[in-house]
Amino acid sequence: MLVGFEEFFYVKATDREVKCPSIFYHLAITKKIQQELAKPNILERFLENEDGIAKLQKCFAGFWSLDESDTVMDAIERPGLYVMKPK
């Protein structure tokens, strides 16, 4: 069974219609959704396996808003610790 992008590319290769991934895949890659999922106790709403939740959380990068002046000052002082990505 193919899921996600594998399914998209298979269907696209075998069909003349233009297809695209579902809205759920588009939403999952947005920074805001990733930021919300990284908050404490959010993944527990969607997953039951505590070991799996812990493994996922280890993969998360930190998310900071540029609206927080302390974060901006820290990034100016220690730029090697931050990666800036566009929305």
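Annotation for Glu48 and Asp67: the two label points, set 7 Å from Cα along the Cα-Cβ direction, are 3.6 nm apart. With 0.36 nm allotted per residue and the present C-alpha distance subtracted, the Phe24-Asp74 stretch has 14.6 nm of extension available.
None of the figures in this text is laboratory data; all of them are computed from the coordinates on show. Keep in mind that this is a model prediction, so the values were computed, not measured. Positions of Cβ are backbone-derived with ideal geometry, glycine not excepted, and every protein chain shown enters the neighbour counts.
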